[in-house]
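Bear in mind these aren't lab numbers, they're just calculated from the coordinates by the rules spelled out. Quantities reported herein were computed from a predicted structural model and do not represent experimental measurements. Every residue, glycine among them, receives a Cβ derived from its backbone with ideal geometry; neighbour counts consider all protein chains shown.
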């Protein structure tokens with residue numbers, strides 16, 4: 001009798017299979033399942049960064065869930081707009097103020113609900129975007145004595161106007 005067949009065909013591994021080595025395979029599968037469970041739970045519970053929205057804000061803003069509501073930079077600029085008679089009309093424009101690059105000079109982007117038809121240069125809202133940029137630059141020059149560039153964008157984050165101060 002061949003020594004490899006001494007215990008019968010059940011004890012020898014089939015061609016292409018590794019011999020059974022206890023609980024190792026079971027532990028590997030259990031570990032992989034645990035990693036998958038933890039990763040999917042972390043992903044499901046992750047906290048999105050709402051400072052940078054995944055999609056452009058809807059042109060139907062301003063609503064209480066407009067990106068930037070509660071954001072300090074947006075709140076400070078909106079407060080400044082509310083203080084001036086000539087700038088109160090700009091409060092009707094939903095906007096989100098964000099720093100693209102910090103440090104001197106600043107690089108600021110203001111995403112608005114202007115130009116919802118995405119006409120950009122041909123939009124009747126370009127004058128409003130220019131006014132927003134001018135008021136922002138004047139405010140930063142007067143209040144913070146700094147300098148930089150502000151870009152006002154439509155909901156698709158296409159730049160409507162750029163102003164340096």
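Listing for the model above:
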quantity: Sorted by Cβ neighbour density within 10 Å, fewest at the top, the residues 153, 123; calculated: 123, 153
quantity: Beta bridges by DSSP in segment 72-164, antiparallel share as percent, to the nearest 5; calculated: 65 percent
quantity: Residues residue 29 and residue 117, FRET efficiency given R0 of 45 Å [Cβ-Cβ distance, rounded to 0.05]; calculated: 0.25
quantity: Rg ratio (alpha-carbon, reference 2.2 N^0.38 Å) - segment 72-164; calculated: 1.00
quantity: Ranking of 112, 141, 74 by count of other Cβ atoms within 10 Å, fewest first; calculated: 141, 74, 112
quantity: Inter-probe distance in nm under a simple model that places probes 7 Å from Cα toward Cβ, at residue 91 and residue 164; calculated: 3.4 nm
